[in-house]
Amino acid sequence: MPKQSPIPDELDKPFYDACNEERLVIQYCTSCRRYQFPPRPGCTRCGNNASVQWRQLSGRGRIVSRVVVHDTPTSSLIPEQPFNVAAIALDEEPDIIMLSHLPGTPVDQVPIGAAVEVIFETTPATGQKVPEWRVAG
Amino acid sequence: MPHPGVPHSWFRNKDGLGLWEGRGKVVATGVGTSPTARRWDEKPETSMGALTIIAIRKAIADAGISPDEIDGLVLTPESTTGVSNDPKTPPPPGWEKHFKMASFPQAGITRGDIDWLLLNTPELKNVKFMMNGAMCMSVSFVAAAEAVARGLTQTCLVVRGWHNLAGRYYVGVGASALNTASGPFKYSSIWGLPACGTTAMVFEEYCRKYGKSHDQMANFVVTQRRNGLMNPDGFYSQHRPEMITVEDYLTARWIAKPANIYDNDLPIMAALAVVFTTPERAKNHKQKPVYILSHGQTRPEMMGVTPTLEKWEQATDRMGRILYEGSGVGPDDLSFENMYDGFTLFHQFHLEGLRYAARGEKRGYALDLYETDISIEGPNPVSPSGGNNGNGRTRWWNHRDTILQLQGRSPSQIRKKAEIGVSGAPMPDICDALIWSATPPV
Ligand SMILES: [Zn+2]
């Protein structure tokens with residue numbers, strides 16, 4: 001999928017640098033013992049930024065829901081319609097949802113509940129890699 | 001001149017706060033609604049600002065009072081959820097002949113502005129209390145209710161206008177048209193979800209959990225249009241007075257399946273103003289007072305890029321508890337519900353959080369309820385206003401209609417006696433809502 005290339009900033013550079021190394025890292029507050037994503041300047045619960053660190057995840061998750069997009073606002077994806085967007089709950093913290101186009105899974109055949117694993121997809125404009133997910137096994 | 005936002009301490013956003021201190025001390029009386037349009041034609045007299053002034057004058061006339069009595073103004077300045085001009089864009093030629101200019105060039109065009117409104121509504125000479133209720137008119141209603149209850153204003157206008165410029169709302173413009181993504185778009189637009197995508201995803205999760213289907217939404221959506229077409233002020237009744245059928249809904253094109261075109265609301269131009277005052281002063285107003293019994297607020301504690309079914313159910317459950325605790329009424333006291341519908345596929349979260357028309361069920365019953373008689377003639381009127389879905393996107397038709405229902409003069413008046421109603425907006429986890437009553441609390 002010809003995704004837009006994310007332009008990292010100071011806040012999320014560790015996340016995108018890790019993606020380019022094919023590692024999935026997200027923020028974790030050591031006081032609240034809680035993950036959060038997307039990256040934020042401090043913990044969204046306790047407000048502390050000193051207690052927030054980057055942690056590498058297993059890269060495993062589960063498909064909790066999906067839609068099939070027929071009318072996207074994003075110009076680069078219009079030729080790809082219809083396409084899947086799935087909600088992926090992370091194994092480490094199922095309240096955290098990441099999105100996925102589920103490469104390799106035909107539309108209307110998304111196996112809800114199935115285990116998925118992270119892969120990294122290169123975006124065309126800058127070569128920045130982003131996390132993607134495919135059905136495991 | 002910058003005006004204050006709503007003090008955080010005014011919001012009722014947690015359990016255990018008891019009955020609302022302002023209960024029975026604030027009423028709504030006059031209501032004024034502007035004409036609607038699909039898009040702005042760039043004429044000053046049809047601008048969002050001009051529509052707002054029309055709504056204000058109609059509300060004051062409807063209340064049957066002198067503009068001199070207005071001593072408060074609470075405004076929601078944001079006037080779209082989509083495309084806006086750059087704030088520094090100058091107004092179109094001729095604008096200055098129609099309107100006095102405020103310091104902010106887009107005032108009255110793509111953003112509401114208290115100073116601009118006061119400059120251009122010169123009969124409002126005595127406004128001393130001014131406040132901005134950010135994001136949603138629900139916030140402004142809560143702010144005005146608190147301000148009147150606290151004695152900061154005696155007679156207060158609550159105001160919001162909407163603009164809709166030429167061109168498609170989000171598609172292929174701005175950040176969506178680029179081959180790179182920055183800021184929050186890095187976590188949203190790269191996936192290509194349309195605005196309804198998140199709601200569709202949680203709706204899908206809901207259907208799967210409770211064994212429901214999208215087809216069960218049909219009667220709700222058709223009834224919304226029917227209710228909206230009864231409203232002479234609504235966009236559809238003014239510009240597209242055609243009814244839709246169950247068949248239309250079931251065969252409509254998908255936007256983000258399971259959300260189709262009818263599950264999305266239509267951006268429009270429109271403005272609303274409502275008069276709030278004390279019960280004492282309302283004795284001299286022309287319209288019957290509608291009492292505010294309490295209000296509530298939810299905001300999300302964001303963890304991921306999209307909410308989950310569990311979070312939306314928790315948030316709407318909390319809203320139900322906060323509203324009932326503050327008002328002293330319960331689900332069985334509601335004559336109707338007018339919660340937000342601008343996407344249709346999340347209305348049921350609001351409804352179930354309030355346990356509206358539940359028969360012992362807590363969750364997963366709303367789509368079955370939609371398949372019963374939810375019309376204004378029936379025993380359980382659902383969204384009698386017709387909402388955004390039946391009238392166009394404003395996020396305030398539901399509040400407006402709740403006042404009109406309890407005054408007994410809604411164009412889609414429910415057949416049973418309207419005694420207590422609830423209205424709130426927008427999202428299941430980002431919501432401000434109020435309980436209203438036709439009579440003072442006992
Ligand atoms: Zn923390």
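Which whole number gives the average count of other chain Cβ atoms within 10 Å of the Cβ atoms across peptide A:91-102?
Mean inter-chain Cβ contacts per residue within 10 Å come to 4.
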Checklist line | Kirkwood Rh and Cα Rg combined as Rg over Rh, evaluated for the protein assembly as shown | finding: 0.97
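Using a 10 Å cut-off on Cβ to Cβ distances, tally the other chain neighbours for every residue of B:330-339 and report the average as a whole number.
Taking the mean over all residues of the peptide, I get 0.
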Notebook entry, point to check: Taking the alpha carbon gyration tensor of segment B:205-325, what are the square roots of 5 times its eigenvalues, largest first, to the nearest whole Å?
Noted result: 32, 26, 13
Item checked: Local net charge near A:LYS13, Cβ-Cβ under 13 Å (Lys/Arg +1, Asp/Glu -1) -> -4
Note to self: Counting only other residues whose beta carbon sits under 9 Å from that of A:ILE119, what net charge do I get with K and R as +1, D and E as -1?
What the structure shows: -3
Notebook entry, point to check: According to the Cα gyration tensor, what semi-axes, each the square root of 5 times an eigenvalue, does the equivalent ellipsoid of segment B:285-363 have, listed from largest to smallest in whole Å?
Noted result: 25, 15, 13
Checklist line | Least to most buried among B:LYS416, B:LYS25 (fewest other Cβ within 10 Å first) | finding: B:LYS416, B:LYS25
Checklist line | Largest to smallest principal axis extent of the C-alpha atoms in segment B:116-163, angstrom | finding: 28, 27, 11
Next item on the list: Could you rank the peptides B:107-116, A:22-31 by their average count of other C-beta atoms within 10 Å per residue, with the highest value first?
Entry: B:107-116, A:22-31
Notebook entry, point to check: Over segment B:95-209, how many percent of alpha carbon pairs lie in each 5 Å bin up to the one with the longest distance?
Noted result: 2, 9, 13, 13, 14, 13, 12, 11, 9, 4, 1, 0
Margin query: Please report Rg (one decimal) and Dmax (integer) in Å for the Cα set of chain B.
Written below: 20.6, 61
Check: Ranking B:VAL83, B:VAL221 by Cβ neighbours within 10 Å, fewest first, what do you get?
Finding: B:VAL83, B:VAL221
Check: Can you pull the percent of Cα pairs in segment A:13-135 with separation above 19 Å?
Finding: 53
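Mind running the shape call on segment B:138-263? Use the C-alpha gyration tensor, a ≥ b ≥ c as the square roots of the eigenvalues: rounded below 1.5 for a/c, prolate if a/b tops b/c, oblate otherwise. Could you put the intermediate results ahead of the total?
On the way: a/c = 1.66, a/b = 1.21, b/c = 1.36.
Verdict is oblate for segment B:138-263.
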Note to self: On alpha carbon coordinates alone, what is the Rg over Rh value for segment B:201-252, Rh being the Kirkwood radius?
What the structure shows: 1.11
Margin query: Only counting other Cβ atoms within 10 Å, I'd like B:LEU178, B:LEU293 sorted with the fewest neighbours first.
Written below: B:LEU178, B:LEU293
Note to self: Starting from a Cα-only point model with no solvent, please compute log10 I(q)/I(0) by Debye for segment B:323-442 at q = 0.11, 0.12, 0.20, 0.21 1/Å.
What the structure shows: -0.31, -0.37, -1.12, -1.25
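What pairs in B:LYS88/B:LYS128; A:LYS3/B:LYS257; B:LYS100/B:LYS186; B:LYS288/B:LYS362; B:LYS128/B:LYS283; B:LYS14/B:LYS416 have C-alpha atoms more than 31 Å from each other?
Numbers: B:LYS88/B:LYS128 28 Å; A:LYS3/B:LYS257 20 Å; B:LYS100/B:LYS186 40 Å; B:LYS288/B:LYS362 35 Å; B:LYS128/B:LYS283 22 Å; B:LYS14/B:LYS416 33 Å.
Violating the 31 Å Cα-Cα cut-off are B:LYS100/B:LYS186; B:LYS288/B:LYS362; B:LYS14/B:LYS416.
Readers should treat all values here as calculations from the given coordinates under stated rules, not as data from a laboratory. Note that the coordinates shown come from a computational prediction; the quantities given were computed from them, not determined experimentally. Ideal geometry is used to build each Cβ from the backbone, glycine not excepted, and the neighbour counts take in all protein chains shown.
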